[in-house]
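> Mind having a look at this structure? Questions to follow.
The values are calculated or read from the model by the stated rules, or taken from the named source; none is laboratory data. It should be emphasised that the depicted structure is a prediction, and the values quoted were computed from it without experimental measurement. When we count neighbours, we look across all protein chains shown, and the Cβ atoms used for this are built from the backbone with ideal geometry, even at glycine. Keep in mind that these areas ignore ligands, DNA and RNA; they rest on the heavy atoms of the full protein, side chains included. Shrake-Rupley method; radii C 1.70, N 1.55, O 1.52, S 1.80 Å.
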Amino acid sequence: MKLKKIVNNKSTKLMKRSLLLLTLVLSILFVRADEGMWIPSLIAKYNIADMQSKGFKLTAEDIYSINQPSIKDAIVHFGRGCTGELISPDGLIITNHHCGYGVIQSHSTVENDYLSDGFWAMSRNEELPNPNLTVTFLKSIEDVTEKVLKGYNDSMDEATRSQIVADNSSAIIDSVTNGTHYTARVAPMFYGNQYFLFVFEKYLDVRLVGAPPSDIGKFGGDTDNWMWPRHTGDFSLFRIYADKDNKPAAYSPDNVPYKPKHFLPISLKGIQPNDFTMVYGYPGTTQQYITSQAVKNIVDEVNPLRISLRETRLDIFDSYMVTNDTVRIKYASKHAGVANGWKKWIGERNGLIRLKTVEEKQTLEQQFAEWVSQSPDRKEKYGHIIPRFAELYAQYSALNNASILGWEAFRSVEMLRFAGYFSSFVSEFNTGGEPDLAKASERATSLIERTRSFYKDYYLPIDRDVFVQMLKVFTSAAPQELQPNLLRDKVSGFNEKDWYNFAEEMLNGSVFSDSTKLIYYLTNADTKAAQVFKNDAVFMLSSQYDSIFSANVYSPLREINSELDLLYRSYLGGLMEMQTDRKFYPDANSTLRVAYGHVAGYLPRDGVEYSHFTTLDGIIEKGKMGVYDYVVPEKLTELYNSKNYGRWEVNGTVPVAFVATNHTSGGNSGSPVLNAEGQLIGVNFDRVWEGTMSDIKFDPKVCRNISLDIRYALFVIDKFAGASHLIDEMTIIE
């Protein structure tokens, strides 16, 4: 199975124009300074001495404790993919503007455009509820490796081990959650060499308190995304509400502001080069230990494919959004999500190539093989690993490429993706027996809610153009055996006009193009409704795709990934045995982590040096450039011209952002950046473009996290929004 090569010329040019950075090949035998995402409960054992030697003035107990309030009690997992932190005794949270973007969008209309104009609740009564938004606190972490592996021995096969792990994990979770409102998760570390139990408490009533206009919260837009210097006021404010006993409760007018065990004091002392910094949050996923074959697949095939397909979609989005404000609001969050990955993958690929990561990992694998060959016991235990990696990745790469093509091309057509959600409802009426009407009704109710949400932010002309361009790519690049008959047999020999006619016929003629009709059928939730969906051309095309890819791509990929996980577990165990002086840290997996480093600028390329901070002066300068992403709100310009900065002024201006060497990833968006005293100095929101390969390879020379200087957020809240009552809630250290 081999995909035809599809690369957009514009993307190729952009990659060729990318910054040519100084080449520095570093050994991966030891964890470098400031690299690592560390488990908070293990800081006392592995990191606190190093942290204190670099300037940290608190203790490990101040970072993480289950016996007394600690910084962990001020950190929340915000929604499903960001971090937030408490900054007042009344449950006030600060996170990123882009983390709250979907919520802000959901409250926005053309008449009340909170995306463009911002939103500020001037009293608690004006704070806006968000039914689907939650925040989650970590209660405790425990190493449960022995408990998870109880009953397992090395003579057992992997299937038996997996069942033992699943059964033991379930029992462990039940033991800490039964009879409580807590939730829990047993998370594997180092591919299952260790297991940790995380216990959580989720709060259900989270209300929007404040958000700057997008010209502040998204200043720089796609132009500056992943870039430095940066001038984005990337923050928004929310408040947690609880019942009268301070416990989680669904939204109710009777709920009261949550009283936290700990909230973060805010420092106005500022930042200087080499100052200690700590990021405390929920990084999403990293792949620090993948082999050379995996990196080569990313560099040579996966990322070029993703970049090309997303650039085409962005061009389509842009063509409609610039001429229609309603469409702009509908697609603002979708555009941001597509653009974010597109630009990140360009930088990631360039960084991996620049650092010669494939070659470096090949060297490590050769060293490992030589070390193994020096001992008969090692040969027996580890001798199969490197050869088997080569065999598996030869199969994996083609399947992974197909999976990426399917997701980024076929599944990027919104209506096709949406129709797929109806499969479980239809299947209730195609079991050969009597349908379970109660279950069908439950699924229909869920689909009605999903339908309303889908159509609120859907624009068929955009989806039609995406349908044409993405399915043209899909049918030209995917092997014949992976193409649904309804598509493959229909489009052979199509010209551009034929494609558009086909798209109109499919999308406009579908029941999925009419939300009123769709909800009518779901309300009845009977056999007739199921037959209407089942016989719909969009549903049939989506179902054919799912069936083909499930059998020929996803199922074999799961099998290969299962064996790869086993190999990686053995490989990591061998590396730990070989590299006894190395401090290993587990890959990020959306569990709470601590990263620490220091404030520092960097040298992106020969002859260029970036400072560690930016100011309001830079916002005004960019506003004069005429770039569409650099629009400065009139009031912000007035504040600048009058120098009306108040207590937030530093050297005749206002600090906006800064960079440091903390190791961060997706999910760290909104994470607090703390100084040596554990005080809030910033809110993490991005990485620099030259360092986006840090999920796979950390380079201390250029890997920098970008943070909003908290003083800029306070300035916007106070002077721009006039919401000083929010400032009054906070504890501010001058």
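> Give me the pairs: first residue in the stretch 336-358 and over 18 Å from residue 666 (Cα atoms), second residue open to solvent by 30 Å² or more (accessible area, probe 1.4 Å) and among the β-branched types (Val, Ile, Thr), beta-carbon distance under 6 Å, and six or more apart or on different chains, which are they?
Close Cβ pairs (under 6 Å, with a partner that is open to solvent by 30 Å² or more (accessible area, probe 1.4 Å) and among the β-branched types (Val, Ile, Thr)) amount to 356/25.
> Here's a check for you: in the stretch 437-458, which residue that is of a type outside the set (S, T, N, Q) and open to solvent by less than 70 Å² (accessible area, probe 1.4 Å) is farthest from residue 539 (Cα to Cα)?
Filtering the stretch 437-458 for residues that are of a type outside the set (S, T, N, Q) and open to solvent by less than 70 Å² (accessible area, probe 1.4 Å), the one farthest from residue 539 (Cα to Cα) comes out as 457.
> Another question, then. Would you confirm whether any residue within the stretch 263-285 is of a type outside the set (Gly, Ala, Ser) and within 26 Å of residue 410 (Cα to Cα)?
Checked against the condition, which is being of a type outside the set (Gly, Ala, Ser) and within 26 Å of residue 410 (Cα to Cα), the stretch 263-285 yields at least one hit.
> Out of the residues in the stretch 630-647 that are in a loop (DSSP other than H, G, I, E, B) and within 13 Å of residue 619 (Cα to Cα), state the one that is most open to solvent (accessible area, probe 1.4 Å).
For the stretch 630-647, the residue satisfying everything is 631.
> Then there's this: Inside the stretch 541-595, can you point out the residues that are hydrophobic (A, V, I, L, M, F, W, C) and closer than 30 Å to residue 488 by Cα?
Once the filter is applied, which keeps residues that are hydrophobic (A, V, I, L, M, F, W, C) and closer than 30 Å to residue 488 by Cα, the stretch 541-595 yields 541, 548, 549, 551, 553, 557, 560.
> Right, another one. Look through the stretch 592-609, keep the residues that are open to solvent by 50 Å² or more (accessible area, probe 1.4 Å) and either under 23 Å from residue 670 (Cβ atoms) or within 31 Å of the chain's Cα centre (by Cα) (or both), and return whichever of them is modelled with the lowest pLDDT.
Checked the stretch 592-609; the qualifying residue modelled with the lowest pLDDT is 605.
> What tally of residues in the stretch 498-525 results from selecting those that are aliphatic (A, V, I, L, M) and either under 26 Å from residue 472 (Cβ atoms) or not in a helix (DSSP H, G or I) (or both)?
5
> Then there is this: Collect the residues in the stretch 42-70 that are among the polar types (S, T, N, Q), surrounded by fewer than 14 Cβ atoms within 10 Å (Cβ to Cβ) and closer than 20 Å to residue 199 by Cβ, keeping them in residue-number order.
Answer for the stretch 42-70, where residues must be among the polar types (S, T, N, Q), surrounded by fewer than 14 Cβ atoms within 10 Å (Cβ to Cβ) and closer than 20 Å to residue 199 by Cβ: 67, 68.
> Additional query: State which residue is modelled with the highest pLDDT when the search covers only the stretch 102-115 and only residues that are open to solvent by 40 Å² or more (accessible area, probe 1.4 Å) and more than 20 Å from residue 250 (Cα to Cα).
Among residues in the stretch 102-115 that are open to solvent by 40 Å² or more (accessible area, probe 1.4 Å) and more than 20 Å from residue 250 (Cα to Cα), the one modelled with the highest pLDDT is 114.
> Considering every residue within the stretch 556-564, establish whether at least one is within 30 Å of residue 34 (Cβ to Cβ) and in contact (Cβ under 8 Å) with a residue 60 or more places away in the chain.
Within the stretch 556-564, one or more residues are within 30 Å of residue 34 (Cβ to Cβ) and in contact (Cβ under 8 Å) with a residue 60 or more places away in the chain.
> Oh, and also: Within the stretch 120-138, can one find any residue that is touching a strand residue (DSSP E or B) at 6+ places or on another chain (Cβ under 9 Å), more than 27 Å from residue 705 (Cα to Cα) and aromatic (Phe, Trp, Tyr)?
Yes, there is a match, as at least one residue in the stretch 120-138 is touching a strand residue (DSSP E or B) at 6+ places or on another chain (Cβ under 9 Å), more than 27 Å from residue 705 (Cα to Cα) and aromatic (Phe, Trp, Tyr).
> Right, another one. From the list 723, 713, pick out the single residue that is at pLDDT 95 or above and surrounded by fewer than 23 Cβ atoms within 10 Å (Cβ to Cβ).
723
> If you check every pair at least six apart or on different chains, which have Cβ atoms under 8 Å apart with a residue in the stretch 635-659 that is farther than 17 Å from residue 614 by Cβ first and a residue that is in a helix (DSSP H, G or I) and open to solvent by less than 10 Å² (accessible area, probe 1.4 Å) second?
Final answer for the pair search is 646/715.
> When you go through (1) under 25 Å from residue 218 (Cβ atoms); (2) touching a helix residue (DSSP H, G or I) at 6+ places or on another chain (Cβ under 7 Å); (3) surrounded by 23 or more Cβ atoms within 10 Å (Cβ to Cβ) one by one for residue 697, which number turns out not to apply?
The single condition residue 697 does not satisfy is (1).
> Got a sec? Which of 230, 185 is farther than 17 Å from residue 138 by Cβ and modelled with pLDDT of 95 or more?
Only one candidate passes the filter, namely 230.
> Right, residue 166: small (Gly, Ala, Ser) and surrounded by fewer than 19 Cβ atoms within 10 Å (Cβ to Cβ) or not?
yes
> Taking the options 91, 84, name whichever one is open to solvent by less than 10 Å² (accessible area, probe 1.4 Å) and on the phi > 0 side of the Ramachandran plot.
Checking each option against the conditions leaves just 91.
> Which ones in the stretch 556-588 are within 28 Å of the chain's Cα centre (by Cα) and among the β-branched types (Val, Ile, Thr)?
Listed by number, the list holds a single entry, 560.
> Considering each of 654, 659, 650, 673 in turn, give the residue that is buried (at least 24 other Cβ atoms within 10 Å of the Cβ) and closer than 12 Å to residue 711 by Cβ.
Step by step, each of 654, 659, 650, 673 is checked, and only 654 is buried (at least 24 other Cβ atoms within 10 Å of the Cβ) and closer than 12 Å to residue 711 by Cβ.
> Look at residue 666 and say whether it is under 22 Å from the mean Cα position of the chain (by Cα) and surrounded by 23 or more Cβ atoms within 10 Å (Cβ to Cβ).
no
> I want to confirm something. Restricting to the stretch 618-629 and keeping residues that are open to solvent by less than 50 Å² (accessible area, probe 1.4 Å) and in contact with a helix residue (DSSP H, G or I) (Cβ under 8 Å, 6 or more places away or on another chain), which single residue is farthest from residue 231 (Cα to Cα)?
627
> Just for helices (runs of 4 or more DSSP H) wholly inside the stretch 94-187: which have at least 3 residues that are more than 29 Å from the chain's Cα centre (by Cα)?
Of the helices (runs of 4 or more DSSP H) lying wholly inside the stretch 94-187, those with at least 3 residues that are more than 29 Å from the chain's Cα centre (by Cα) span 158-177.
> Here is a further query. Scan the stretch 477-492 residue by residue and report those that are open to solvent by less than 50 Å² (accessible area, probe 1.4 Å) and either in contact with a helix residue (DSSP H, G or I) (Cβ under 7 Å, 6 or more places away or on another chain) or not in a loop (DSSP other than H, G, I, E, B) (or both).
Of everything in the stretch 477-492, those that are open to solvent by less than 50 Å² (accessible area, probe 1.4 Å) and either in contact with a helix residue (DSSP H, G or I) (Cβ under 7 Å, 6 or more places away or on another chain) or not in a loop (DSSP other than H, G, I, E, B) (or both) turn out to be 477, 478, 482, 483, 484, 487, 491.
> Right, something else. For residue 538, only one of the following conditions fails: (1) within 25 Å of residue 434 (Cβ to Cβ); (2) touching a residue at least 40 places away in the same chain (Cβ under 8 Å). What is its number?
Of (1) within 25 Å of residue 434 (Cβ to Cβ); (2) touching a residue at least 40 places away in the same chain (Cβ under 8 Å), only one is false for residue 538: (1).
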